[in-house]
Amino acid sequence: QKEVEQNSGPLSVPEGAIASLNCTYSDRGSQSFFWYRQYSGKSPELIMSIYSNGDKEDGRFTAQLNKASQYVSLLIRDSQPSDSATYLCAVGKYGNKLVFGAGTILRVKS
Amino acid sequence: KAGVTQTPRYLIKTRGQQVTLSCSPISGHRSVSWYQQTPGQGLQFLFEYFSETQRNKGNFPGRFSGRQFSNSRSEMNVSTLELGDSALYLCASSATGDRTDTQYFGPGTRLTVL
């Protein structure tokens, strides 16, 4: 079992729809969770961080954390073609190590 | 503030050679982490330096090494290059190095080993 798992996709949604990206992790002691977006040929850029159970909203993005279920999700409202990218879920470990999932490819069709 | 910078951006080497990559963190950041990204393995943690000390290391052979200078700039070295070392090498910096701290990535160095 991988430490952080994501559906590789691609996830295709029409422009204006809600995109839902999911991530599960195996280490129950994990405390910090991050969503990064990576465009093809570019480096990852941070979208959201979340540390407590519940929802955290930032503009069109909402991160959801459920530690009991070991589950993190990212919702993108009013999806735009510019949101088309690979979304990486990462779990923070001791010594500033991030463990990444394989990423979910999102395609927003206009 | 300027972001994380990495040099060079592209490198082509041949098997058996060695290579040194450089990373300058965001001003004031003390932690620098290195990652390798390949299509097959995804993003994998190499090591992290904090205040000139290696604090954590991933599952990579000893051919991969690094160091951090007093100004927080970091270098990583790969000796005896193998074809499988072809990858995007990413450097990330964070202010405190705490596991909850945000890491900001540089543009990466694309290494091709022929």
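The values are calculated or read from the model by the stated rules, or taken from the named source; none is laboratory data. What you see is a predicted model, and the numbers here were worked out from it, not measured in a lab. Neighbour counts run over all protein chains shown; Cβ positions are idealised from the backbone, glycine included. Accessible surface is based on the protein model in full, side chains and every heavy atom, while ligands, DNA and RNA are left aside. Shrake-Rupley method; radii C 1.70, N 1.55, O 1.52, S 1.80 Å.
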TODO: Please give the residues of region B:52-85, grouped as numeric ranges, whose backbone N is less than 20 Å from a label point set 7 Å along the Cα-to-Cβ vector of A:Tyr94.
DONE: B:52-60
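Charges only on Cβ, +1 for Lys and Arg, -1 for Asp and Glu: so what's the dipole of chain B about the Cα centre, in debye to the nearest 20? Numbers along the way, then the final one.
Numbers: 12 positive and 7 negative charges, 31 e Å.
Computed charge dipole of chain B: roughly 160 debye.
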Open item on the list: Taking the full set of protein chains and a 1.4 angstrom probe, give the accessible area of B:Arg9 in square angstrom, rounded to the nearest 10.
Closed with: 100
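Packing-wise, with mean Cβ within 10 Å as the measure, how do A:6-14, B:99-107 rank, highest first?
Values: A:6-14: 14.7, B:99-107: 19.4.
For the peptides A:6-14, B:99-107, the packing ranking is B:99-107, A:6-14.
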- [ ] Please identify, among B:Gly66, B:Gly97, B:Gly16, the residue showing maximal mean-square fluctuation in a Gaussian network model of chain B using a 10 angstrom Cα cutoff.
- [x] B:Gly16
TODO: Starting from the amide H of A:Arg107, placed 1.01 Å from N in the peptide plane, find each other amide H under 5 Å away whose residue is 5 or more places distant or on another chain.
DONE: A:Leu11, A:Ser12, A:Val13
Task: Minimum 30 Å² accessible area buried by the other protein chains, region A:30-53 residues, probe 1.4 Å, relative to alone - done: A:Gln31, A:Phe34, A:Tyr36, A:Gln38, A:Ser43, A:Pro44, A:Leu46, A:Tyr51
Open item on the list: Return the equivalent ellipsoid semi-axes of region A:23-110 as a descending list in whole Å, where each equals the square root of 5 times an eigenvalue of the C-alpha gyration tensor.
Closed with: 22, 15, 10
Open item on the list: From the P(r) of the protein assembly as shown, could you give the percentage of C-alpha pairs in the tail past 24 Å?
Closed with: 44
Open item on the list: Assuming 0.36 nm per residue, please report the length gained on full extension of the stretch A:Ser20 to A:Ser82 beyond their Cα-Cα distance.
Closed with: 20.7 nm
- [ ] Would you mind computing, in nm to one decimal, how far apart the modelled labels at B:Asn71 and A:Lys109 are, each placed 7 Å from Cα along Cα→Cβ?
- [x] 5.2
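Looking at chain A, what % of its DSSP beta bridges pair antiparallel, to the nearest 5?
Roughly 90 percent of the DSSP beta bridges within chain A come out antiparallel.
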Open item on the list: Counting only Cα atoms, I'd like the Rg/Rh figure for region B:55-114, Kirkwood definition for Rh.
Closed with: 0.98
Task: Nearby lysines by direct alpha-carbon distance to A:Lys42 (threshold 25 angstrom, same-chain neighbours under 8 apart not counted) - done: A:Lys2, A:Lys93, A:Lys97, A:Lys109, B:Lys1, B:Lys13, B:Lys57
- [ ] Could you calculate the FRET efficiency of A:Glu45 with B:Gln17 from 1/(1 + (r/R0)^6), where r is the beta carbon distance between them and R0 is 30 Å, rounded to 0.05?
- [x] 0.40
Open item on the list: If I take the Cα coordinates of chain B and project them onto the principal axes, what are the three extents in Å, biggest first?
Closed with: 37, 26, 26
